[in-house]
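First up is the structure itself, then whatever we jot down about it.
The values are calculated or read from the model by the stated rules, or taken from the named source; none is laboratory data. None of the values given here were measured: they were computed from a predicted structure. Reconstructed Cβ throughout: ideal geometry from the backbone, glycine too, with neighbour counts over all protein chains shown.
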């Protein structure tokens, strides 16, 4: 009887520790890896036809798996974390087009730290101006982090007058495996030489088998001093769901360029906007340049609120103030949204359009709009 009791105690002990071990094994790593970009520094200048040196340090609490380098133009002044900058124009040979680069690198041996130093050749027939360098790192558990830095190729010709306009951009949300309809009205005093389209993701979280889709193509079949741009762009069936940014760049016959951007979402065709409620939205009817715009709304989501984005653009012309900012939330199903947005002292007076875009944790998107006036 005594021997039986000892055996039962031993069996219970082994079962207990085995259970604890299994529980430990099931604890998933959710910590994002870290990125330090040593080079290039913000707004560092590189020459057309030269080399871009990038130097980065990566680290993770467990083990690193891979990293990706993404380079795309910032001619439309978009950001990956906040306010839009001024529109950019460039001038050089008429055969140029914006540069884009996208390359993935595997990290052998799954280390916790990794140092990367690469020299990337800059083509000699690309448009000068500001570009974004994005570094995305992924650990062995699939956690992902992303950091961007802006650099300049050649010269930054911000604010130059060149007689090119891109208006009425349309890029409605599209279903992966289907087509994106990209439309815009183009004008160029000196004639259109080419039109380029760049598409890249914003804050995506690809699942197994998905890709963070990027697209770059130059169209040379547009000409004259005005044209209606309309292209159908195929979206891969494994494109990651979420928010994407599209930049349209026009090059005229004298080599000037001008770009404008727009956002859209790639969905799986099952967007349930009714799962999100945006109520009691109020925006100041009039706000003076140099003061604050108040924006309020009561937001709720059945699947939890992930982001609330504010987009502002000028309605009365091309050179007005533009604003974009994303507010992130975790593990909340309701948000009492109340933000004060600084209006620049030099913001053009006139009517502005404000869009409030809410995304939940299932990828559903709902929007609501308002108008306000900037006064002197």
**Q.** So residue 303, is it at pLDDT below 90, under 27 Å from residue 364 (Cα atoms) and in the same structural domain as residue 343 (by TED's automatic domain parsing)
**A.** yes
(Q) For the structure I just gave you, tell me whether residue 182 is within 21 Å of the chain's Cα centre (by Cα) and over 28 Å from residue 139 (Cα atoms). (A) yes
Q.
Would you confirm, using the coordinates I've provided, whether residue 224 is within 21 Å of the chain's Cα centre (by Cα) and either at pLDDT 85 or above or assigned to a strand (DSSP E or B) (or both)?
A. no
Q. Just checking, which of 372, 327 is touching a strand residue (DSSP E or B) at 6+ places or on another chain (Cβ under 6 Å), in a strand (DSSP E or B), more than 30 Å from residue 125 (Cα to Cα) and free of Cβ contacts under 8 Å to residues at least 24 places away in the same chain?
A. 327
**Q.** Residue tally, condition at negative phi and outside any strand (DSSP E or B), over the range 169-183
**A.** 5
Q) When you go through (1) surrounded by fewer than 17 Cβ atoms within 10 Å (Cβ to Cβ); (2) touching a strand residue (DSSP E or B) at 6+ places or on another chain (Cβ under 7 Å); (3) part of a loop (DSSP other than H, G, I, E, B) one by one for residue 319, which number turns out not to apply? A) (2)
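Pick out the one residue from 258, 230 that is loosely packed, with under 14 Cβ neighbours inside 10 Å and in the same structural domain as residue 143 (by TED's automatic domain parsing).
None of the other options fit; the residue is 230.
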Q: Would you be able to say whether some residue in the range 334-342 is more than 25 Å from the chain's Cα centre (by Cα), within 19 Å of residue 324 (Cβ to Cβ) and in the same structural domain as residue 281 (by TED's automatic domain parsing)?
A: no
Q | Tally, over the range 211-221, of residues that are within 17 Å of the chain's Cα centre (by Cα) and in a loop (DSSP other than H, G, I, E, B) | A | 3
Q: Inspect the range 237-251 for any residue being buried (at least 18 other Cβ atoms within 10 Å of the Cβ) and in a loop (DSSP other than H, G, I, E, B) and give the result as yes or no.
A: yes
Q. Can you tell me which residues in the range 265-287 are under 26 Å from residue 350 (Cα atoms) and either assigned to a loop (DSSP other than H, G, I, E, B) or within 19 Å of the chain's Cα centre (by Cα) (or both)?
A. 284, 285
Q | Unique match (being at pLDDT 90 or above and more than 21 Å from residue 326 (Cβ to Cβ)) among 154, 191, 159 | A | 191
